[in-house]
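Structure first, commentary second.
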Amino acid sequence: MSKAPFSIAVIGCGRIAGHHCRSIRKYPELKLAAVCDLVPDKAKAYGNEFSIPHFTNYREMLKADPSIQAVVVATPSGMHFEHAAELIEKHKKHVIVEKPTFMKPSQLDEAFRLAAKAGVGIFPVFQNRYNKAVQRVKQGLESGELGAPRILAIRVRWCRPQRYYDLAPWRGTFAQDGGALTNQGIHHIDLLRYFGGEVKKVNSLMKTLGAQIEVEDSVVANVEFENGVIGNIEITTAARPDDFEASLSLVCEKGLAQIGGIAVNELQIYTPEPSTCSVSSEDFSKNVYGHGHEKLYGEIVSFALEGRPYSVSQKDCRATLNLLHSFYRSDEERKWIDLSTSQESTRLGRPNEELAKLYRI
Ligand SMILES: NC(=O)c1ccc[n+]([C@@H]2O[C@H](COP(=O)([O-])OP(=O)(O)OC[C@H]3O[C@@H](n4cnc5c(N)ncnc54)[C@H](O)[C@@H]3O)[C@@H](O)[C@H]2O)c1
């Protein structure tokens, strides 16, 4: 096994890229090799902050430093597939892909097919899974401490005013972003499955209530799991004037678990062992994205040094994307959607060449 650090570059120097750069830097086994953004000032700012080379063209970046082994794809969501597919197929790089990973399950299938052929890995980012509160509840479910779950509820009440959607052309579009359910809610949709298992059917209603955008900023939905558990969801970015909560509760056979806080970071109620609440909570007041990215790179170290499989598999990620699409399909078709059929939404991830051209090199 090589002793040289596992070399990682980042493409897309926007709001989330700094979390990747700082997290990579925490591990001596990893090297933050270079950053790239189409916008020269953004690339330069990150390059200067981390004292590493910066580029405006990722092909030139990879040519300049052939030792780069993995690339973080932190570009607009609708470009993840195109960028990752090229990095995998043409450049044979591992890819660490920001949420929602890809816009469609079919893109995920194709990306994994290309990755298997190229002999590289795809690492989807679902950093909330690493939150202490989430891990404590997961442990309580697996050990039987909570008993079987009966009802799962999710409530995300965040504030994204028009000026947020106006930050960049990709935001608030079905082609490149998706609305509250995809952009903000994907972590919580993922946690639904993480805690409750696979979903059998869903019924949802979406609205755009607080901004002039084509995507939904509010959704309410009902869920029935394969194991008979039932659930409900309220996710909105139309709360005003602030972000209030991203919470999740589980009514279980032997007790109640409630995770709240701004980003499922505080274990507020845990009846089997109430004293665990304080030690299983984290303060995210200065960082809504939490500490999960750092823990994720611990997994990348294990992969790089020992070849240990990453915790989010293709099957796992595909099921989350399929669940995501089922909510849109339910709203589109105005009926319950059975997840055993795997049709995709007609809106989420639909092609828009004009937008895509903005983010191509
Ligand atoms: N895990 C999380 O909690 C979390 C939080 C925020 C964002 N994200 C995800 O990260 C991605 C980026 O989000 P953001 O908020 O940082 O967006 P952003 O708009 O702030 O940044 C995206 C950057 O990508 C750059 N870019 C676009 N095409 C490029 C290309 N071909 N080469 C190089 N750079 C290119 C843009 O110029 C921009 O600077 C999205 O997919 C988003 O869903 C995840």
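Read-outs throughout are calculated quantities, based only on the coordinates presented, and are distinct from any laboratory measurement. The model shown is predicted, which means the values in this text are computed figures rather than measured ones. Positions of Cβ are backbone-derived with ideal geometry, glycine not excepted, and every protein chain shown enters the neighbour counts.
Some notes on this structure:
- Set K295/K357; K92/K207; K44/K93; K63/K357; K138/K286; K286/K315 screened for pairs whose C-alpha atoms are more than 32 Å apart: K295/K357; K92/K207; K286/K315
- Computed Kirkwood radius, in angstrom, where 1/r is averaged over Cα pairs of region 32-90: 11.8 Å
- Computed over the chain: relative contact order in percent, which uses C-alpha pairs under 8 Å that are six or more apart: 18 percent
- For G179, the residues whose modelled amide H falls within less than 5 Å of its own, excluding neighbours fewer than 5 places apart on the same chain, are E216.
- Karplus-based coupling profile of region 68-78, in residue order and whole Hz: 5, 9, 9, 10, 7, 9, 10, 8, x, 3, x, with θ = phi - 60° in 6.51 cos²θ - 1.76 cosθ + 1.60 and x standing for Gly or Pro.
- Summary of packing: across the peptides 219-232, 274-287, 94-107, 315-328, the per-residue average of other C-beta atoms within 10 Å ranks them, highest first, as 94-107, 315-328, 219-232, 274-287.
- Cα gyration tensor shape of region 62-146, rounded if a/c is under 1.5, else prolate or oblate by comparing a/b with b/c: prolate
- Long-range amide H partners of T271 with built H, under 5 Å: L256
- Rg [Å, one decimal], Dmax [Å, integer] - the chain, C-alpha atoms: 20.0, 58
- Among residues other than F81 with Cβ under 9 Å from its Cβ, the summed charge is -1 (Lys and Arg +1, Asp and Glu -1).
- For region 145-172 and region 337-361, distance of Cα centres in Å: 20 Å
- Tensor-based shape of region 1-155 (alpha-carbon gyration tensor, a/c under 1.5 rounded, otherwise prolate or oblate): prolate
- Radius 9 Å from Cβ of H325, net charge of other residues (Lys, Arg +1; Asp, Glu -1): +1
- Measuring nothing but how far apart in sequence close Cα pairs (under 8 Å, 6+ apart) lie, relative to its length, region 6-127 scores a relative contact order of 22 percent.
- Close amide H partners of G147, meaning residues 5 or more places away or on another chain with modelled amide H under 5 Å apart, are K254.
- Part-to-part distance (alpha-carbon centres) for region 15-40 and region 208-258, which is given in Å: 32 Å
- Entries in K42/K90; K132/K254; K90/K335 that, when Cα-Cα distance is taken, lie over 32 Å: K90/K335
- For L256, neighbours were defined as the other residues whose beta-carbon sits under 14 Å from its Cβ, and their charges (Lys and Arg +1, Asp and Glu -1) total 0.
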